[in-house]
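Read the structure below first, then the notes.
The values are calculated or read from the model by the stated rules, or taken from the named source; none is laboratory data. Keep in mind that this is a model prediction, so the values were computed, not measured. Here the Cβ positions follow ideal geometry from the backbone for every residue, glycine too, while neighbour counts run over all protein chains shown.
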Amino acid sequence: MYEAVHAHPDGESTAARFARDAARMGFEGVVVRARGADPDYEALAAAPVDVVDAVEVVASGPEQASGTVGSVRPDHTLVCLRGGTDALNRFAVEHERVDVLTRPMAGGGGFNHVLARSAADNGVRVEFDFGPVLRSTGGPRVKALGRLRTLRELVAHYDAPYVVSANPTSHLHLRGPRELVAVGEEAGFAAEWVRAGLREWGVVAERNRERQSESFIGPGVERGRYEKDP
Amino acid sequence: MKKTLEEHAERFSNLAAEYDDEQSSPEYRACADLVVAHADPGPDETVLDLGTGTGAIALALAADAGRVLGRDISDGMLDEARRKADDRNRSNVAFGEGRFRDPNVDEPVDLVVSNFAMHHLSDAEKREAIEAIADLNPRRFVLGDVTFFDGKDVESGVYDPEVDDPATVGVLADALTDAGFVLTAVERVSDGVGVLVADRP
């Protein structure tokens, strides 16, 4: 199971600190959803958990999103696009180059059957953001819980892929898998469903690493027995 | 408590001069760091540090808080804390006599912290202490301490059964929620050391 984090300077804690605390809590890895952050991934290879080179693109609209996603895609293992408006959410679920649509409902953006179906067809993971449930109170928290419930119904109905995250911006926001499952259960999610959402980050990372490696030529084609190095 | 208040106070007064040098295990340091990080006081806020000892936590928070009040039962410890505050030119920290169940503060406090101190109280006494802290109405109470995550374990090297009486995390969590707090974080520093963050709902 993985957690996807905002590392310094996007957040307050360094990737190394996140990795150390995540290991203590029982995670297998962290996904560094970088915007301004530029961690030294070579040095982080020595970290106690897998550290995934990822990007979270934050754009004002689909045109900007398209340009940025295109330019960052080749250089990073995982590409996330932050949603929050109808236009950005639609862009994300229609483009399979995007691995994860994050925070789809945060800015008042909607999510509906059409988008859920697109996400399922294109293999774009929809993020369930537990951050507001963990860190806000009162009205905003009640709204956030309601949105998560709506999202859950849509994602389940179309069997769209999904991920779960507490969206931590500080190591103090990290919560271990057991705590996330417990909070999820209180919010109406099944325990195994939450765990699958935490594992999914690792699943996508592994798939993309394999695709971006030299041994991958195309789906169904493998370098193999008959090839000899010159 | 396993000894009387006076015996505890005297024992700590005797330890005061060397306390900072002796108390440096990685668990203690991690615990102290997390207490300070979760406390996160604002520049207008008043922090109360119960069982302040030589002032490690109080002095660390003084840099960011408006005012810090350190309370302890040991004169020796408080003297050492005052000396350190003078050395570092910290004028917004005040150290004085006070106990968990009678903190001796007559001004409003925004944050209460305590590190490696409450384990001297019995579980019933801890409950009373937590209620007394809740009565001060802080927006957050950060408790770092020797506390058992998997049931009472006498093997731990961080405490001395002659003078210490640590609780399980469950006991602390129940006492905090019964006193009206909401537990928003539980940091398992090790099997026998943890930090609990309790917020006013």
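Exactly one condition in (1) closer than 29 Å to A:Pro177 by Cβ; (2) touching a Lys or Arg at 6+ places or on another chain (Cβ under 8 Å); (3) small (Gly, Ala, Ser) is false for A:Gly131; which is it?
So the condition that A:Gly131 fails would be (2).
Could you tell me whether any residue of region A:34-57 is within 23 Å of A:Ser118 (Cα to Cα), at pLDDT 95 or above, of a type in the set (Val, Ile, Thr) and out of contact with any Phe, Trp or Tyr (no Cβ under 6 Å at 6 or more places or on another chain)?
For region A:34-57, residues within 23 Å of A:Ser118 (Cα to Cα), at pLDDT 95 or above, of a type in the set (Val, Ile, Thr) and out of contact with any Phe, Trp or Tyr (no Cβ under 6 Å at 6 or more places or on another chain): present.
Scan region B:37-50 for residues that are away from every other protein chain (no Cβ under 14 Å) and either within 15 Å of B:Ala198 (Cβ to Cβ) or in contact with a Phe, Trp or Tyr (Cβ under 7 Å, 6 or more places away or on another chain) (or both) and report the count.
3
Which ones in region B:162-190 are within 12 Å of another protein chain (Cβ to nearest Cβ) and either within 23 Å of A:Ala23 (Cα to Cα) or buried (at least 18 other Cβ atoms within 10 Å of the Cβ) (or both)? Explain how you work it out, then say what you get.
Restricting attention to region B:162-190, the residues satisfying the condition of being within 12 Å of another protein chain (Cβ to nearest Cβ) are B:182-190.
B:Leu183, B:Thr184, B:Ala185, B:Val186, B:Glu187, B:Arg188, B:Val189, B:Ser190, listed by residue number.
Which ones in region B:34-51 are touching a helix residue (DSSP H, G or I) at 6+ places or on another chain (Cβ under 9 Å), free of Cβ contacts under 8 Å to residues at least 40 places away in the same chain and not hydrophobic (A, V, I, L, M, F, W, C)?
B:Asp40
Go through (1) buried (at least 18 other Cβ atoms within 10 Å of the Cβ); (2) outside any helix (DSSP H, G or I); (3) within 14 Å of chain B (Cβ to nearest Cβ) for A:Glu12 and report which single condition fails.
Against the list (1) buried (at least 18 other Cβ atoms within 10 Å of the Cβ); (2) outside any helix (DSSP H, G or I); (3) within 14 Å of chain B (Cβ to nearest Cβ), A:Glu12 comes up short only on (1).
Given the structure, is B:Leu34 touching a strand residue (DSSP E or B) at 6+ places or on another chain (Cβ under 6 Å), within 20 Å of B:Val112 (Cβ to Cβ), within 14 Å of chain A (Cβ to nearest Cβ) and of a type in the set (A, V, I, L, M)?
Working: touching a strand residue (DSSP E or B) at 6+ places or on another chain (Cβ under 6 Å): yes; within 20 Å of B:Val112 (Cβ to Cβ): yes; within 14 Å of chain A (Cβ to nearest Cβ): yes; of a type in the set (A, V, I, L, M): yes.
It is true that B:Leu34 is touching a strand residue (DSSP E or B) at 6+ places or on another chain (Cβ under 6 Å), within 20 Å of B:Val112 (Cβ to Cβ), within 14 Å of chain A (Cβ to nearest Cβ) and of a type in the set (A, V, I, L, M).
Being within 11 Å of chain B (Cβ to nearest Cβ) and either under 16 Å from A:Arg17 (Cβ atoms) or surrounded by 17 or more Cβ atoms within 10 Å (Cβ to Cβ) (or both) is the filter; apply it to region A:169-192 and report the residue that is farthest from the chain's Cα centre (by Cα).
So the residue we want is A:Leu172.
Just to be sure I understand, how many residues within region A:184-216 are at pLDDT below 95, hydrophobic (A, V, I, L, M, F, W, C) and closer than 30 Å to A:Lys143 by Cα?
1
Restricting to region A:140-168, and then to whatever is within 14 Å of chain B (Cβ to nearest Cβ) and more than 19 Å from the chain's Cα centre (by Cα), can you tell me which residue is farthest from B:Glu187 (Cα to Cα)?
From region A:140-168, those within 14 Å of chain B (Cβ to nearest Cβ) are A:141-142, A:166, A:168; that's our starting set.
Cutting the leftovers down to more than 19 Å from the chain's Cα centre (by Cα) gives us A:141-142.
Values: A:Arg141: 23, A:Val142: 26 Å.
Of everything passing the filter in region A:140-168, A:Val142 is farthest from B:Glu187 (Cα to Cα).
Pairs needed: first member in region A:187-201, closer than 18 Å to A:Ala144 by Cβ; second member anywhere, surrounded by fewer than 16 Cβ atoms within 10 Å (Cβ to Cβ) and among the basic types (Lys, Arg); C-beta distance under 7 Å; at least 6 residues apart or different chains.
The qualifying pairs are A:Gly188/A:Arg149.
Can you tell me which residues in region B:179-201 are touching a strand residue (DSSP E or B) at 6+ places or on another chain (Cβ under 9 Å), part of a strand (DSSP E or B) and of a type outside the set (D, E, K, R)?
Across region B:179-201, the qualifying residues are B:Val182, B:Leu183, B:Thr184, B:Ala185, B:Val186, B:Val189, B:Val193, B:Gly194, B:Val195, B:Leu196, B:Val197, B:Ala198.
Looking only at region A:15-29, count every residue that is closer than 24 Å to A:Leu101 by Cβ and in a helix (DSSP H, G or I) and tell me the total. If you could, list the steps in order and put the result at the bottom.
Initial filter on region A:15-29 (closer than 24 Å to A:Leu101 by Cβ): A:15, A:18, A:22, A:27-29.
This time we only want the ones that are in a helix (DSSP H, G or I), so: A:15, A:18, A:22.
Looking only at that region, the number is 3.
Of everything in region A:16-50, what is without any contact (Cβ under 8 Å) to a residue 60 or more places away in the chain, crowded, with 21+ Cβ neighbours inside 10 Å and under 18 Å from A:Leu198 (Cα atoms)? Give them in sequence order.
Those that are without any contact (Cβ under 8 Å) to a residue 60 or more places away in the chain, crowded, with 21+ Cβ neighbours inside 10 Å and under 18 Å from A:Leu198 (Cα atoms): A:Ala19, A:Val30, A:Val32, A:Val49.
Report whether or not B:Val197 is among the β-branched types (Val, Ile, Thr), farther than 22 Å from B:Ser24 by Cα, within 14 Å of chain A (Cβ to nearest Cβ) and in contact (Cβ under 8 Å) with a residue 60 or more places away in the chain. Walk me through it before giving the result.
Numbers: among the β-branched types (Val, Ile, Thr): yes; farther than 22 Å from B:Ser24 by Cα: yes; within 14 Å of chain A (Cβ to nearest Cβ): yes; in contact (Cβ under 8 Å) with a residue 60 or more places away in the chain: yes.
The answer is yes for B:Val197.
A:Val32 fails exactly one of the following numbered conditions: (1) within 26 Å of A:Glu179 (Cβ to Cβ); (2) assigned to a strand (DSSP E or B); (3) in contact with a Leu (Cβ under 8 Å, 6 or more places away or on another chain). What is the number of that condition?
Just one mismatch for A:Val32, condition (3).
Would you kindly identify the strands (runs of 3 or more DSSP E) lying entirely within region B:23-99 that contain at least 2 residues that are touching a Ser or Thr at 6+ places or on another chain (Cβ under 8 Å) and at pLDDT 95 or above?
Numbers: elements: B:46-50, B:67-72, B:93-97.
In region B:23-99, B:46-50, B:67-72 are the strands (runs of 3 or more DSSP E) which contain 2 or more residues that are touching a Ser or Thr at 6+ places or on another chain (Cβ under 8 Å) and at pLDDT 95 or above.
Tell me the residue from B:Phe149, B:Phe100 that is aromatic (Phe, Trp, Tyr), away from chain A (no Cβ under 14 Å) and in contact with an Asp or Glu (Cβ under 8 Å, 6 or more places away or on another chain), please.
Numbers: B:Phe149 fails: away from chain A (no Cβ under 14 Å).
Exactly one of B:Phe149, B:Phe100 is aromatic (Phe, Trp, Tyr), away from chain A (no Cβ under 14 Å) and in contact with an Asp or Glu (Cβ under 8 Å, 6 or more places away or on another chain), namely B:Phe100.
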